[in-house]
Amino acid sequence: MLFNTLEFALFFPIVFVLYWFVTKRSLRLQNVMLLAMSYYFYAQWDWRFLFLLIFSTFLDYFSGLQIHRTPTHAMKRVWLIISVGINLGFLGVFKYYNFFADSFANLVGSFGFEAHPVFLSVILPVGISFYTFHGLSYVFDIYYDRIKPTTDPVDYALFVGFFPLLVAGPIERATHLLPQIQSPRQFEMAKVVDGCKQVLWGLFKKVVIADNAAEIVNLIFDGHQDYGGSTLLYGAVLFAFQIYGDFSGYSDIALGTARILGIELLQNFNFPYFSRDIAEFWRRWHISLSSWFRDYVYIPLGGSRGGTWMKVRNTFVIFLVSGFWHGANWTFIVWGALHALFFLPVLLSGKNRSNMSIVAENSMLPSWRETFNMAVTFFSVVIAWVFFRAEDLGHAFAYIGGMFSPTIFSKPAEFSMQLAALVGFFLLIEWVGRRGKYGLQDIGLKWPRLARWAMYYGIMFLIFRFTGKSETFIYFQF
Amino acid sequence: MKQFLKWLALFMLLPVAIFVITLYSADGRTDPYYLRFTTPPQSSLIVGTSRAAQGIQPHVLDSMLNANGRAVKSFNYSFAIGYSNYGAPYYESIKKKMDPAAQNGVFIVAVDPWSVAGDLATVRAGIPEYEWTFLRTLNNVNMSPNVEYLMEEYDKPLLNILVPDPRKVDDRLLLHEDGWLETNLDLSPSTVTERTAKKVKEYRDTRLNSSAPSPWRLGYLEITVDLLQKHGEVILVRLPVHSSMMVLEDQLMPTFDRTMELLALRKNVKYLSIPVNDREWSFTDGNHLVPSDGAKVTKLIAEELLHP
């Protein structure tokens, strides 16, 4: 079930009524209902993988209890290894097995031997990378004594399987979400209205910006050999908007939906394309994943406390792992490596924390310097996105080669004035609303109700008038 | 809570009103398929691909059969190649469109080699074709307005129904309530020749080399006939095409007519293969009959049903 479908439009009001009217008096009942509906939501995609989700949930729940109860450190470590091993084992089989088998065959082939690996014909269970990371953070936090395990399996299962975040995040932490699941939620009109607005803005990003951009991006990336440099650049820039609209749009709908139910999820995006350097970009893009890797990979490896070599190594590790998390393809690994290369100069010069506040915080427009820095950062990100979007490395290099050719100064083909206007409107709202948690949050709050409603009606009109051809959310494949 | 619900109801009044008006504004110009999913279940069907959708006209068939004492109200439930090739999605959709209580209906099953051909690699591997088309995903095919189709399958923005994009308005296609898709194309000889050459090239370059007769699709054709036979008389029909298109079909499946004759014999139904004759039949693109010749072909089929 996707957020932008009729099914979800029918599903969510039922959840809303059951949640706030039928089960409100009993927290236990409310959580059981929410869990049942979350599993129904997941089963709509493929009910067979529900068993995998339930198994993974109870593995981590049980491991968490064992880690906490076991007196000796060695046994705690054994339980941690069991939990991490099985979780990563599932991820390895479903997501990475064919990649490793293929890479092994190629490697052996390069030495003149022939290998015939067995390839698995398995589909990737939607959301596996996300719920696996939920579970891992939980057992790590118990192991490092940051939290105590919950003794209620329903609460834990809801922490992992809560439907707004189940298939594409944000990747939650037990320290943040579990207490909310364990406490009664109050209906607060302001929060519910805010949630509705965030859902509206997320839908706009997804169905208007991402889906319309996708049509042209697919055309240009699939037929890249037929286009000049300017069109390829245009395609790459549009992909930047597609993936941002798609993923942050999904996150907005997830956060808004959860907020309507009185639950706050972690902010996942914070206007990343207004970043002035790559370090700032990574504090604003897919925040829940970046912070996960920071807390559970980068810091345990020593973070940036060691010497230069340690910093370089840890930076590469975290970005390569992050790339690999996205998928079993060398393109994602190169994408990660590129970001590491962009990030290192900022880190090594000690300027990685020089842009901590939002750009032009106290003014309407950015300074020339800020504009220049934002443009450079955006362009670097766009180059890396080409690898992310390409089918394979050959495709990516050919695309970039074509982009940096003399035809980069020609008039781009496939240019859509309508899409340009929609992206312009989108950027305007994001810029004006950049001090909020999402673009639309603070806009019009002081306007008369009629004017505010007119703005919301306008956005609804754009959604129903300019819906692009429906595309699956990109991050569902991860 | 009450306050929220009150404001929400007030806020949603306008969007809901526009939404409802939009749904009720959808008609035969909305797209080439929508109206077929808005009628009640049917007792007589015409099934096949776009050749049948444009070629076989239910009103012509009904008037001839009714005039001869056979009370029939037929409905064209044909779509297009890629959607309504014989296979699981189309079979299931036909089942949903059938009135389960129907008896003595008339069922025209339009066949041609493309409608029973599958992807070459899939056929070689011996695995079933898998099509993720709206015929597979659409649960309700008998609802007016069909909210599910418009929300999930309609491939343009919903408000396009109410406020069409003037640059994309296409008045060359009109889907009638009986399911017949009327075309209103430029039929000047030079345009038709150009369109025919283009269509034949497209089939030769992209379909012929990547397709093969599919036992799986032939099997589904057979069970489609079985299903329809339970509700009345079935006739298999091969509609005429331009001779240059026929050459490709003979390459794809040289024994097609024989295969259909054997199927008809096995199932005890009629098989009508209308011969290719470029002087007798006119096409919009070598593949689809012009409306006037569609009416002629429909009369031929009606005569075959009336005078075995």
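The values are calculated or read from the model by the stated rules, or taken from the named source; none is laboratory data. Note that the structure is predicted; figures quoted are calculated from it, not measured. All Cβ positions, even for glycine, are placed from backbone atoms using ideal geometry, and neighbour counts span all protein chains on display. Surface accessibility is based on the protein's heavy atoms, side chains included, excluding ligands, DNA and RNA. Shrake-Rupley method; radii C 1.70, N 1.55, O 1.52, S 1.80 Å.
So which of B:R266, B:R195, B:R279 is farther than 21 Å from B:L61 by Cα and in contact with a strand residue (DSSP E or B) (Cβ under 9 Å, 6 or more places away or on another chain)? One residue alone meets the criteria, B:R195. Step by step: first the residues of region A:207-253, then only those that are closer than 16 Å to A:G439 by Cβ and of a type in the set (A, V, I, L, M), then the one that is nearest to the chain's Cα centre (by Cα). Which residue is that? Looking at residues that are closer than 16 Å to A:G439 by Cβ and of a type in the set (A, V, I, L, M), I get A:I253. Scoring A:F379 on the criteria (1) closer than 17 Å to A:V237 by Cα; (2) not assigned by TED's automatic domain parsing to the domain that holds A:V237 leaves a single failure, condition (2).
Looking at the structure I just gave you, is A:L301 at negative phi and either under 13 Å from the mean Cα position of the chain (by Cα) or buried (at least 21 other Cβ atoms within 10 Å of the Cβ) (or both)? Considered against the rule, which asks whether it is at negative phi and either under 13 Å from the mean Cα position of the chain (by Cα) or buried (at least 21 other Cβ atoms within 10 Å of the Cβ) (or both), A:L301 comes out as no. Considering only region A:140-191, state which residues are of a type in the set (G, A, S) and under 20 Å from A:I82 (Cβ atoms). Of everything in region A:140-191, those that are of a type in the set (G, A, S) and under 20 Å from A:I82 (Cβ atoms) turn out to be A:A157, A:A174.
Collect the residues in region B:142-156 that are among the polar types (S, T, N, Q) and either farther than 17 Å from B:I94 by Cβ or within 7 Å of chain A (Cβ to nearest Cβ) (or both), keeping them in residue-number order. Hit for region B:142-156 is B:S144, nothing else.
Restricting to region B:59-74, name every residue that is surrounded by fewer than 24 Cβ atoms within 10 Å (Cβ to Cβ) and under 19 Å from B:H231 (Cβ atoms). The answer is B:D62, B:L65, B:N66, B:R70, B:A71, B:V72, B:K73.
Looking only at region A:436-456, decide whether some residue is within 14 Å of chain B (Cβ to nearest Cβ), at pLDDT 90 or above and touching a Leu at 6+ places or on another chain (Cβ under 8 Å). Yes. Restricting the search to helices (runs of 4 or more DSSP H) fully inside region A:344-437 and requiring at least 1 residues that are in contact (Cβ under 8 Å) with a residue 12 or more places away in the chain and within 29 Å of A:L266 (Cα to Cα) gives A:368-389, A:417-432.
If you take the residues in region A:357-370 that are over 26 Å from the mean Cα position of the chain (by Cα) and of a type in the set (S, T, N, Q), which one is farthest from A:V432 (Cα to Cα)? Among them, the one singled out is A:S367. All of (1) crowded, with 21+ Cβ neighbours inside 10 Å; (2) modelled with pLDDT of 95 or more; (3) within 30 Å of B:V247 (Cβ to Cβ) hold for B:G87 with one exception: (2). Within region B:223-256, the set of residues being open to solvent by 50 Å² or more (accessible area, probe 1.4 Å) and part of a helix (DSSP H, G or I) comprises B:I223, B:D226, B:Q229, B:V247, B:D250, B:Q251. Among the residues making up region A:381-411, those that are open to solvent by less than 50 Å² (accessible area, probe 1.4 Å) and among the aromatic types (F, W, Y) are A:W385, A:F387, A:F388, A:Y399. Of all residues in region A:28-84, those being closer than 21 Å to A:D155 by Cβ, among the charged types (D, E, K, R) and open to solvent by 50 Å² or more (accessible area, probe 1.4 Å) number 2.
Which of the residues that make up region B:98-155 are in a loop (DSSP other than H, G, I, E, B), of a type outside the set (D, E, K, R), open to solvent by 10 Å² or more (accessible area, probe 1.4 Å) and under 30 Å from B:M253 (Cβ atoms)? Please lay out each step first, then the result.
Filtering region B:98-155 down to residues in a loop (DSSP other than H, G, I, E, B) leaves B:99-104, B:111-112, B:126-133, B:138-146, B:154-155.
After this cut, where a residue has to be of a type outside the set (D, E, K, R) as well, the list is B:100-104, B:111, B:126-128, B:130, B:132-133, B:138-146, B:154.
Now narrow it down to the ones that are open to solvent by 10 Å² or more (accessible area, probe 1.4 Å): B:100-101, B:103-104, B:126-128, B:130, B:132-133, B:139-140, B:142-145, B:154.
Correct list: B:G126, B:I127, B:P128, B:Y130, B:W132, B:T133.
With B:K168, B:K198 as the choices, which residue is within 25 Å of B:S78 (Cβ to Cβ), of a type outside the set (A, V, I, L, M), within 14 Å of chain A (Cβ to nearest Cβ) and open to solvent by 70 Å² or more (accessible area, probe 1.4 Å)? Can you show your working first?
Working: B:K198 fails: within 14 Å of chain A (Cβ to nearest Cβ).
Going through B:K168, B:K198 in turn, the sole match is B:K168.
For region A:245-277, a tally of residues being closer than 22 Å to A:M374 by Cα, open to solvent by 10 Å² or more (accessible area, probe 1.4 Å) and assigned to a helix (DSSP H, G or I) returns 2. Quick one: would you say A:S322 is in contact with a Pro (Cβ under 9 Å, 6 or more places away or on another chain) and either without any contact (Cβ under 8 Å) to a residue 40 or more places away in the chain or part of a helix (DSSP H, G or I) (or both)? Spelling it out, it is not the case that A:S322 is in contact with a Pro (Cβ under 9 Å, 6 or more places away or on another chain) and either without any contact (Cβ under 8 Å) to a residue 40 or more places away in the chain or part of a helix (DSSP H, G or I) (or both). A:K469 passes every criterion in (1) farther than 20 Å from A:V192 by Cα; (2) within 14 Å of chain B (Cβ to nearest Cβ); (3) free of Cβ contacts under 8 Å to residues at least 40 places away in the same chain; (4) exposed (fewer than 15 other Cβ atoms within 10 Å of the Cβ) apart from (3).
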